[in-house]
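K.L.:
So that we are looking at the same thing, I have put the structure below in structure tokens.
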Amino acid sequence: MGSAPFVGQRGQGGESAGRWTVEAEPNETVETPDTMSREDTATTEPWTVLVVGRDADVHVALDRIFEGATYAGRPIRILHGHSVLEAESVLRAESDISVILLDTEMETEDTGLRLVRTIREALCILDTRIVLRTGAPGDAPDADIVLRYDINDYRARTELTEARLFSAVVAALRSYDRLRTIANQRDELGRMNLTLEQRIAERTQELLDSETRLRSILDTSVMPIFITAVATGQVLYANRSANHLLGLVETRRDHGIWHRPADRRRILDGVARHTQVHDIEAQMIAVDGHRFWALIAAIGTTFDGEPCVLTSFSDISSRKAMEEELKQLAATDALTGIGNRRQLMELGDREMRRARRYSNSLSIMLLDIDHFKRINDEHGHAIGDVTLKAMVQCCLQQLREIDIICRLGGEEFVVLMPETPVEAAATAAERLRLAVADVKVPAANDQTVAFTVSIGLTAPRADDKTLGDVLMRADEALYAAKHSGRNRVVTVT
């Protein structure tokens, strides 16, 4: 037939293909005839696999491999199309084909791909998974064709053993099953949304028909709710919660409750375009003057015949504070309280961009505590931690407010010195080195621990792309400082 013989990997004694085992994802099953009951086979709608091609060996192999096999509790039915016309006839007759195993070379070299086009465009069969069987590994279809016609997989004849054929079909079945599950869920959500929208519409109409009823409902809400005129911002209604928190009354306009007036305009524009908006985060101003974060929803309506906006919100200041705290924790070294490696990379790249944009100087120091391991070994890690914190405090006292110090890792620290030429940075580094040498850390038995630092100093070059490029050069300078006796500053530019 011009194709490679199938190499079965089905176990000893010529066991049937139904004894193949496939690792299924959670909640999925691929059963064998030994585990599938006769009743299940008789009452469960089968998966349908259409095999299209002139190679009789493939048709025979598929029948043998999937004889009695099930996937997800459903049997697998194999249909055959030995020509394009026969395949099209099957496709028009069958309403639910799960997978098509298609030979790309049939009557002509492009017959198979033309059939793919017919399946997707003429017959509008979109969910069915298509696995192409190509002549050789180099005959794979173009990526454009794979994407355009949603081809699930392709395999060369020369590499298509029974095991791989089985795996390809089962993988395609799994993909088809997922697509159908998603489609069913989408349809169900659509029906639920439609029902929900109808219920909302009915309820909204009832509320609009009776402003007295609307007022009584809103007044009992613990969530602040207020209604303002679109044209003027005049407060037409404010429930007790809105009055208590914002001081809104029906003689006031809402302009003064927004920290950023642009947020009010953004909400009005959103309502004008979409009738309603939700999940808008903005800062508002309470009646006592303090600012707080609010999660806002608004809907366009009418009140006393005037176009207006009904706005409700909840105070999310605690959540925003927690988010800010988590953000700070993610960027802070827990031991020393300064920036960690993550913040260093972010701030370092920012300072490099700023220095290039404004043609400013930028110097970078890499500090390492000399013989830090000896401190840990002789005095314990607790004293080592105290030493690290003492070194950081010394640096903060010696450096300027605009300088940035971050912990790179272990006993290594990086100092970013904006608007500082290397010559001036070298003077500052020497001053810092001497200050650290005077630090004494209390230890057990009335002892003190003295320590020194070695410093590598450099500055960005024109060809440096990231902070990492500069740090490599600073590390070279630090290495030179270490190997020339420690407790010194070495500059590499």
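K.L.:
7 Å from Cα along Cα→Cβ at both residue 349 and residue 385: what's the point-to-point distance in nm?
P.N.:
3.2 nm
K.L.:
Relative to the first principal axis of the alpha-carbon coordinates of the chain, what is the inclination of helix 422-437, with its axis defined by its Cα atoms, in degrees from 0 to 90 and to the nearest 10?
P.N.:
80 degrees
K.L.:
Efficiency by 1/(1 + (r/R0)^6): what FRET value for residue 361 and residue 255, r their Cβ-Cβ distance, R0 = 45 Å, to the nearest 0.05?
P.N.:
Step by step, r from the Cβ atoms, then E = 0.45.
K.L.:
Tilt of helix 261-274 relative to the longest C-alpha principal axis of the chain, in degrees (0 to 90, nearest 10)?
P.N.:
With rounding to tens, the tilt is 10 degrees.
K.L.:
Additional query: At a Förster distance of 25 Å, what's the computed FRET efficiency of residue 188 paired with residue 274, Cβ-Cβ distance as r, to 0.05?
P.N.:
Plugging the Cβ-Cβ distance into 1/(1 + (r/R0)^6) gives 0.50.
K.L.:
Moving on. Determine which aspartates and glutamates satisfy two conditions relative to residue 320: a Cα distance under 12 Å, and not lying fewer than 8 residues away in the same chain.
P.N.:
Excluding near neighbours in sequence, the set is 281.
K.L.:
Additional query: Cross-link partners among lysines for residue 482, C-alpha distance below 28 Å, same-chain residues fewer than 8 apart left out?
P.N.:
Partners within reach: 373, 389, 440, 465.
K.L.:
Kindly write out, for the stretch 393-405 in residue order, the coupling ³J(HN,Hα) from the Karplus curve 6.51 cos²θ - 1.76 cosθ + 1.60 (θ = phi - 60°), rounded to whole Hz, with x marking Gly and Pro.
P.N.:
Couplings: 4, 4, 4, 4, 6, 8, 8, 7, 5, 7, 6, 10, 10 Hz.
K.L.:
Name the long-range amide H neighbours of residue 282: under 5 Å, sequence gap of 5 or more, or other chain; modelled H, no Pro or chain starts.
P.N.:
The answer is 294, 296.
K.L.:
Which whole-number percentage describes the relative contact order of the stretch 213-319, with Cα contacts under 8 Å and a sequence gap of 6 or more?
P.N.:
Result for the stretch 213-319 is 25 percent.
K.L.:
Another question, if that's okay. For residue 240 and residue 292 in one chain, what is 0.36 nm times their gap in residues minus the Cα-Cα distance, to one decimal in nm?
P.N.:
16.9 nm
K.L.:
Further question: In percent, how large is the relative contact order of the stretch 345-482, given Cα pairs closer than 8 Å and 6 or more residues apart?
P.N.:
With pairs under 8 Å counted, the relative contact order is 34 percent.
K.L.:
Given a cut-off of 36 Å, what percent of all Cα-Cα pairs of the chain lie beyond it?
P.N.:
That tail contains 65 percent of the Cα-Cα pairs.
K.L.:
So, one more: Give, in nm to one decimal, the length gained when the segment between residue 199 and residue 44 is fully stretched (0.36 nm per residue of separation minus the Cα-Cα distance).
P.N.:
Answer, rounded to one decimal: 52.1 nm.
K.L.:
Using Cα pairs closer than 8 Å and at least 6 residues apart in sequence, work out the relative contact order for the chain, in percent.
P.N.:
Relative contact order comes out at 8 percent.
K.L.:
Please give the residues of the stretch 81-111, grouped as numeric ranges, whose backbone N is less than 15 Å from a label point set 7 Å along the Cα-to-Cβ vector of residue 148.
P.N.:
Flagged as within label range: 110-111.
K.L.:
Residues with amide H under 5 Å of residue 79's amide H, sequence separation 5 or more or different chain, H placed in the peptide plane at 1.01 Å from N; which?
P.N.:
Residues meeting the amide H criterion: 49, 50, 51.
K.L.:
Between 0 and 90 degrees, rounded to the nearest ten: what's the tilt of helix 467-483 against the longest Cα principal axis of the chain?
P.N.:
Relative to the chain, helix 467-483 is tipped by roughly 50 degrees.
Read the figures in this text as sums done on the coordinates, not as results from a lab. Predicted, not measured: the structure shown is a model, and the values here were computed from it. Cβ coordinates were reconstructed from backbone atoms using ideal geometry, including for glycine residues, and neighbour counts include every protein chain displayed.
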